[in-house]
Ligand SMILES: [Zn+2]
């Protein structure tokens, strides 16, 4: 789901709106059937299709392929509104391995589409098995962490901008008084940013332990390669084991044991210094672990 709370009426059957236009696009070996429900889009439907293709491309660059063979995207225009307002992704629905519902404002401008992150976030959800409710933080944290990195790797964003966003956003993911670990603390901050902080910390730790040979991206690609995508329901431990196998470490499994049950604070200021990210988000290539920071956003082999 998107990073903002949903509002309005939920459809009992989210995939059932009548379709007035349909187009199938191909990206990274996957086919995306894009269906439009009734309603005007001032820019034209083609602009929305192009933006979905761009998002599918970024996700395919990050994972080395589009995560599922087929996905259905249902676009619901929203009269008089602006931007990609909300998105939700389900596994194994509507006859597809992945089904996304996007609400797009009728008055959405080209600039609003260009800077959209919601579609990329939602498509990233296809790359991970559906986990039990207690690990919702890993689903959301992963999508929140991967989305901007995928967009940098695809050439859509500058690396500098996403590190600046992490500097301002990651403190939202730190545990506060009374925190009982990520499996038991289902606040907005801990779900989205706490999950993203887990992913960043895991990425850096994998790279430290492997001398920057492997990163979280290798683990996530292996999870997709194993078919542990959104259409499967799996325990988190199985998914993390597959990821660790690809990096020849135990980072994900060991971190999960600690972070799921206890409040684990991160020394963010020290981490940014090591990685060479200054408080204003500018980057320092002379920092001790700047090679790790650059590897995270480098387009992968
Ligand atoms: Zn989400």
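The values are calculated or read from the model by the stated rules, or taken from the named source; none is laboratory data. These numbers were taken from a predicted model, which means no experiment stands behind them. Every residue, glycine as well, gets a Cβ built from its backbone with ideal geometry; the counts of neighbours run over all protein chains shown.
Figures for the structure shown
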{"quantity": "Residue within the range 194-211 that is over 20 Å from residue 259 (Cα atoms), outside any helix (DSSP H, G or I) and touching a residue at least 40 places away in the same chain (Cβ under 8 Å) present", "calculated": "no"}
{"quantity": "The range 243-254 residues that are without any contact (Cβ under 8 Å) to a residue 12 or more places away in the chain, paired with ones that are in a helix (DSSP H, G or I) (beta carbon under 7 Å, 6 or more apart)", "calculated": "250/244"}
{"quantity": "Options 103, 107: the member that is at pLDDT 95 or above, over 30 Å from residue 181 (Cβ atoms) and crowded, with 19+ Cβ neighbours inside 10 Å", "calculated": "103"}
{"quantity": "Some residue of the range 147-169 being within 16 Å of the ligand (Cβ to nearest atom), surrounded by fewer than 21 Cβ atoms within 10 Å (Cβ to Cβ) and within 22 Å of residue 62 (Cα to Cα)", "calculated": "yes"}
{"quantity": "Residue in the range 184-200 that is modelled with pLDDT of 95 or more and on the phi > 0 side of the Ramachandran plot present", "calculated": "no"}
{"quantity": "Filter result for residue 217 (more than 20 Å from the chain's Cα centre (by Cα) and surrounded by 15 or more Cβ atoms within 10 Å (Cβ to Cβ))", "calculated": "no"}
{"quantity": "Checklist (1) surrounded by 19 or more Cβ atoms within 10 Å (Cβ to Cβ); (2) within 21 Å of residue 265 (Cβ to Cβ) applied to residue 184, failing item", "calculated": "(1)"}
{"quantity": "Candidates 258, 293 - the one that is loosely packed, with under 14 Cβ neighbours inside 10 Å and either closer than 22 Å to residue 213 by Cα or assigned by TED's automatic domain parsing to the domain that holds residue 215 (or both)", "calculated": "258"}
{"quantity": "Where residue 164 falls short, out of the listed (1) in contact with a strand residue (DSSP E or B) (Cβ under 9 Å, 6 or more places away or on another chain); (2) within 29 Å of residue 282 (Cα to Cα); (3) not in a helix (DSSP H, G or I)", "calculated": "(3)"}
{"quantity": "Helices (runs of 4 or more DSSP H) enclosed by the range 34-141 - at least 1 residues per element that are within 16 Å of the ligand (Cβ to nearest atom) and not assigned by TED's automatic domain parsing to the domain that holds residue 152", "calculated": "45-63, 118-124"}
